[in-house]
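The structure appears below as structure tokens.
The values are calculated or read from the model by the stated rules, or taken from the named source; none is laboratory data. Everything quoted here is computed from the prediction, not taken from an experiment. All Cβ positions, glycine included, derive from the backbone under ideal geometry; neighbour counts span all protein chains shown.
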């Protein structure tokens, strides 16, 4: 019986260590991404504020979670991280449309496949950059769902 508790305790310690690593990577990703977005001037249009606002919200919710570690903070973190995932997909679409519009300004007679190829190879706006929001959201969700205190009843 004591041996089983020892094994369970070691598993719990390992899970908590992994959760701390996930949290650390998440925070580094948030700080790095917001720094890059600010340095790139990713605030010229209203839609460009979405990742900046979400990152600010995530940092605030993570501070709340770190301080209180309660069901409300986990629920808020779950919501913000789900918004990150949605923002990643929406950002991909926005970058695709923006790049396609630019390419069509350069050559309005471009065919569909040529346009898609140009957009995929374009450096501005970088098509896959919003994937960082998706990755950060998934990391945050992994942190929330790996909490042994997390229960489905917490998110209702």
*asked:* Residues to consider are 109, 105, 44; find the one that is assigned to a helix (DSSP H, G or I) and over 17 Å from the mean Cα position of the chain (by Cα).
replied: 105
*Determine the pairs where a residue that is at positive phi and surrounded by 23 or more Cβ atoms within 10 Å (Cβ to Cβ), located within the stretch 124-144, has a partner that is at pLDDT 95 or above and in a helix (DSSP H, G or I) with Cβ atoms under 8 Å apart, the partner being 6 or more residues away or on another chain.*
none
*May I ask you to list pairs of residues, at least six apart or on different chains, whose Cβ atoms are under 9 Å apart, with the first in the stretch 26-42 being farther than 14 Å from residue 58 by Cβ and the second being surrounded by fewer than 18 Cβ atoms within 10 Å (Cβ to Cβ)?*
38/52; 41/48; 42/36; 42/48; 42/49; 42/52
*Any idea which of (1) touching a residue at least 24 places away in the same chain (Cβ under 8 Å); (2) assigned to a loop (DSSP other than H, G, I, E, B) is the one residue 92 doesn't satisfy?*
(2)
*Of everything in the stretch 64-92 that's closer than 16 Å to residue 20 by Cα and touching a helix residue (DSSP H, G or I) at 6+ places or on another chain (Cβ under 9 Å), which residue is surrounded by the fewest Cβ atoms within 10 Å (Cβ to Cβ)?*
67
*asked:* For the stretch 27-41, which positions are surrounded by 14 or more Cβ atoms within 10 Å (Cβ to Cβ), under 18 Å from residue 129 (Cβ atoms) and either modelled with pLDDT of 95 or more or under 16 Å from the mean Cα position of the chain (by Cα) (or both)?
replied: 29, 30, 33, 34, 37
